[in-house]
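Only the coordinates and a few stated rules stand behind these numbers; no lab work does. In this text the structure is predicted, and so the values were computed from the model without any measurement. Note: ideal-geometry Cβ built from the backbone for every residue, glycine included; neighbour counts use all protein chains shown.
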Amino acid sequence: MERVVLIDCDGLLYKGIEDLDEYKDRVDQIISEVVLSCEATHYKCFLEAKGNQTFRKVLAQSYKAKRKPSKLPNINEIKEYIMEVYDPYISCGVESDDSIISTWKYLKEDYPFTDVFIAGNDKDYLTYPINYIDLYHGRYLNKEKISKADADYNFVFQMLRGDAVDCVDGLKGVGDGKAKKLLKGLPENNISYMRLLLSLYKKQFKSYLRAKKEIEHNYNLLRLRSDVRYSKSFVEVVYD
């Protein structure tokens, strides 16, 4: 069976390794270990374009506004290296997450007997029913199969608490603990989740129409897009 791994390389730009050759070796090692860990027959790397302005920034100028340009060494140099060596798919107007999820959807629909893995360190991927390889340093190469029920839960959880890192406001007073309490015992289906969201948003914003508008706004900011341009080009892995 064919097996494809889609690798989010944006997270590899922030390792802060001062020696550039050492940094290149580390990137090579990570990509090789990802491919080997899932026994991939093909892989594709993904990066955002330089100076990329996404549709989310158009929807909300506050989106990721607190993020300042990183002062870590070799970010530009390692990005150039990945582009030169790995020929990544470049995302423009959307984030790499969107391009990866759209590619995942394309592969699942057009090649249903192909196993697809996604490697990254972004919790947003967990809102889709994927085979996930974690690149976060504390969970490096951990594999997780996200079920449809878990994916739906993870997304409504985000809709309740928001995403402080990306400057997306959730409901007032709702953090991780409160969100878990609100969802405890609730039937695991999108109808129940939507009823809960509408009820809580309406309570906060005092209006059905305003609640609906705020839900739609946060949905567009938090939901990874699966309907944008995607990659059809993959690198075949040849094992010795």
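Local charge for Asp10 was computed over the other residues whose Cβ lies under 11 Å away, with Lys and Arg +1 and Asp and Glu -1, and equals -4.
Shown for Met1, Met83: other C-beta atoms within 10 Å of each C-beta, ranked fewest to most, produce the order Met1, Met83. Sorting the Cα pairs of the chain by distance into bins of 5 Å, from 0 upward, gives 1, 6, 12, 17, 18, 16, 13, 9, 5, 3, 1, 0, 0 percent per bin. Taken over the C-alpha atoms, segment 3-146 has Rg and Dmax values of 15.2, 44 angstrom.
Listed by chain and number, the aspartates and glutamates whose alpha-carbon sits under 18 Å from that of Lys212, ignoring those within fewer than 8 places in the same chain, are Asp169. Listed by chain and number, the aspartates and glutamates placed with their C-alpha closer than 20 angstrom to that of Lys172 are Asp163, Glu214, Glu216; residues fewer than eight positions away on the same chain are left out. In terms of overall dimensions, the C-alpha atoms belonging to segment 1-50 reach 40, 23, 12 Å along their principal axes, ordered largest to smallest. Helix 75-86 and the longest principal axis of the Cα set of the chain meet at an angle near 60°.
Which of the chymotrypsin sites (Phe, Trp or Tyr not before Pro) across segment 129-171 are loop residues per DSSP, with 11 or fewer other Cβ within 10 Å?
none
For segment 202-210, backbone phi angles converted through the Karplus equation (6.51, -1.76, 1.60; θ = phi - 60°) give residue-by-residue couplings of 5, 5, 6, 9, 6, 7, 5, 5, 5 Hz, Gly and Pro being listed as x. From the Kirkwood radius over Cα pairs of segment 149-222, Stokes-Einstein at 4 °C and 1.567 mPa s returns a whole-number translational diffusion coefficient of 106 µm²/s.
Backbone geometry of segment 164-177 corresponds, through the Karplus equation with coefficients 6.51, -1.76 and 1.60 at θ = phi - 60°, to 3J(HN,Hα) couplings of 4, 4, 9, 6, 10, 6, x, 6, 4, x, 9, x, 4, x Hz, x marking Gly and Pro. Neighbour counts of C-beta atoms inside 10 Å place Asp124, Asp8 in the sequence Asp124, Asp8, starting with the fewest.
Note on segment 1-95: Lys pairs 8 or more places apart or on different chains, Cα atoms under 21 Å apart, count 23. Counted over all Cα-Cα pairs of segment 14-94, pairs farther apart than 19 Å make up 50 percent. The 3J(HN,Hα) values that the Karplus relation (6.51, -1.76, 1.60; θ = phi - 60°) gives for segment 20-31 are, in residue order, 5, 5, 5, 5, 4, 4, 5, 4, 4, 5, 4, 5 Hz. Gly and Pro appear as x.
Here segment 95-216 was treated as a single set of alpha-carbon atoms; its pair distances binned every 5 Å from 0 give 2, 10, 17, 20, 19, 15, 10, 6, 2, 0 percent. Computed from the C-beta positions of Ser37 and Gln204, the FRET efficiency with R₀ = 35 Å rounds to 0.20.
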